[in-house]
Amino acid sequence: MAGFFVVLEGPEGAGKSTLARGLAARLRAAGVEPVMVREPGGTPAAEALRHELLHDDRRWTPESELLYITAARADLVAKVIRPALMAGQVVLSDRFDLSTRAYQVGGRGLPAAEVDWVNRAATGGLGADLTLVLDVPVDVGQARQMAQGKVRDRLDRETMDFHHRVAQVYRDAAGTGVVHLDATAPPDQLEAAAWRAVRSAAPGRFGADP
């Protein structure tokens, strides 16, 4: 059986990590152990790059930031994601290439063609089978982070204009396998909607709802 690649995307505070845990539990109940990864990160090299990227004292140009992110992605794809998919496993990723479009094109203003070329080089053209975009207003997402006591990293501290540009790219995302979800819904309703989308994208693979 071919592998199945699911990506969760959305602005800060959209609830991706919570949803990932919920979907993982549903997959396990359906008899599937998912390979769970996050971006940037997921390998020792990628986690080291993540630390540098998000450290509040670092100052990167948009171009260097792009290269750090895609270097981390290249390592993750080569060492974890592609082998898992080739082995027929389900991969559940917190962020992937749409995040690069949102943050580096929308947020930083880099040319889309340049970002897309670098990303294709990093992934070898790998794309998700299903991309779940969690749509949430910027102020709602940031309020959630504050309520949870999250330590604000370098990207969290960007201007509101930056975050609104990022969120707009997510709202505009479209294409094969892209499904938008209302991330202002209660967590159990969001999880149920996401699970329906997963099962619809892979008919019969995960059986009946547990």
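Any read-out appearing in this document is the output of simple, stated calculations on the displayed coordinates, not a laboratory observation. Because the structure is a prediction, the values reported are computed rather than measured. Every residue, glycine among them, receives a Cβ derived from its backbone with ideal geometry; neighbour counts consider all protein chains shown.
Summary of computed values
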item	result
Formal net charge of residues neighbouring ASP97 (Cβ-Cβ distance under 12 Å; K, R +1; D, E -1)	+1
³J(HN,Hα) computed for each position of the range 127-133 - Karplus, 6.51 cos²θ - 1.76 cosθ + 1.60, integer Hz, glycine/proline x	x, 6, 6, 9, 10, 9, 9
For peptides 86-96, 173-183, sequence by mean Cβ density within 10 Å, most packed first	86-96, 173-183
Built amide H within the under 5 Å cut-off of PHE5, gap 5+	VAL91, ASP129, LEU130
The chain: angle of helix 160-172 to the longest principal axis, Cα-based, in degrees nearest 10	30 degrees
Estimated vicinal HN-Hα couplings, Hz - the range 20-28 in sequence order (Karplus 6.51, -1.76, 1.60; Gly, Pro = x)	4, 5, x, 5, 4, 5, 5, 4, 5
Normalised contact order of the chain, rounded percent, pairs of Cα under 8 Å and 6 or more residues apart	34 percent
Antiparallel DSSP beta bridges within the chain, as percent of all bridges there, nearest 5	0 percent
Size of charge dipole - the range 63-114 - debye, nearest 20, with Cβ of Lys, Arg +1 and Asp, Glu -1, no other charges	160 debye
Approximate spin-label separation ALA147-VAL179, in nm, with each point projected 7 Å along Cα-to-Cβ	2.5 nm
Spin-label model distance (nm) - ALA113 vs LEU67, 7 Å beyond Cα toward Cβ	2.1 nm
Magnitude of the charge dipole, the chain, Cβ model with Lys/Arg +1 and Asp/Glu -1, debye to 20	400 debye
Net charge of neighbours whose Cβ lies under 12 Å from the Cβ of THR123, counting Lys and Arg as +1 and Asp and Glu as -1	-1
Gain on full stretching of the segment that runs from ALA78 to ARG157 - 0.36 nm per residue minus C-alpha separation	25.3 nm
5 angstrom amide H check on VAL178, placed H, neighbours 5+ away	THR131
